[in-house]
Amino acid sequence: MKIVVAQAIIKKQCKRLYLQNNNITASGTSIITAALNNNTILEILNISNNHIFDMGVKSISKINNSVLQVLDLGSNEITDFGIQYLIEMLKINQTLLFLGLAFNKISDQGVQLLVNTLSRHNNRLKELYLNRNRLVTDSSIDALVEMIKSNRSLTTFSIGHCNLSKNGQKKLRRTTRWKFFFSIQT
């Protein structure tokens with residue numbers, strides 16, 4: 001990770017960094033995020049399909065980057081504890097437009113935390129991917145409906161292949177009928 005940081009972030013000043021499928025751990029994530037503090041170049045960070053867990057998310061949530069727009073953390077075994085770190089980041093980050101959290105271990109409790117933040121504190125995020133989090137159930141439907149109604153910036157929301165009933169999926173799709181330029185994948 002030190003070589004990646006030195007070559008890609010410090011030397012080349014990359015705008016996009018794709019590090020998916022590299023067995024990156026929480027300690028590797030902390031090396032990356034240390035280099036990204038006060039970075040004004042990196043716009044896209046994809047660390048999907050690694051092993052960063054919640055402690056890696058804790059490091060990522062501390063990034064003080066004024067231009068990061070895309071953050072993909074899919075398939076990293078992130079739980080509700082990791083979501084608690086992310087919501088602190090979402091409260092202050094005003095540049096993030098895309099957040100990928102697919103294929104993790106997020107439950108209804110984590111969804112509730114995320115939804116509350118997106119409904120009350122973040123008006124910039126445009127795309128949210130929570131698909132394939134099998135611990136998300138119909139218990140999240142009402143909160144998700146409220147988020148869809150109250151968040152003005154969100155245009156794409158994916159929650160497919162979670163543990164939602166057909167009725168729950170239908171209720172979510174029904175909520176989006178009145179929103180123009182909104183895409184939901186259930």
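Values in this text are rule-based calculations from the coordinates and carry no lab data. Please read all numbers here as calculations on a predicted model, not as lab measurements. Glycine also receives a Cβ, built like all others from the backbone with ideal geometry; neighbour counts cover every protein chain displayed.
Side notes on the structure shown:
- Projection of the Cα convex hull of the chain, averaged over all directions and equal to a quarter of that hull's surface, yields 9.2 nm².
- A straight Cα-to-Cα reach below 17 Å connects LYS11 with the aspartates and glutamates GLU43, residues fewer than 8 places away in its own chain not being considered.
- Within segment 1-94, the percentage of alpha carbon pairs spaced more than 17 angstrom apart rounds to 43%.
- Rounded to 10°, Cα long-axis angle of helix 166-175 versus longest principal axis of the chain: 80
- Taking 27 Å as the limit for the C-alpha separation, the pairs LYS91/LYS179; LYS62/LYS166; LYS62/LYS170; LYS15/LYS58; LYS105/LYS166; LYS15/LYS62 exceed it in the case of LYS62/LYS166; LYS62/LYS170.
- Straightening the chain between ILE10 and ILE44 buys 10.7 nm, computed as 0.36 nm per residue apart minus the Cα-Cα spacing.
- Computed over segment 1-71: relative contact order in percent, which uses C-alpha pairs under 8 Å that are six or more apart: 38
- 19 Å reach of a label modelled at ARG174, 7 Å along Cα-to-Cβ, counting backbone N of segment 104-141: 137-141
- Computed 3J(HN,Hα) for segment 122-138, one whole-Hz value per residue from the Karplus formula 6.51 cos²θ - 1.76 cosθ + 1.60 where θ = phi - 60°, is 10, 10, 10, 4, 9, 10, 10, 10, 10, 4, 6, 9, 5, 8, 8, 10, 4, glycine and proline marked x.
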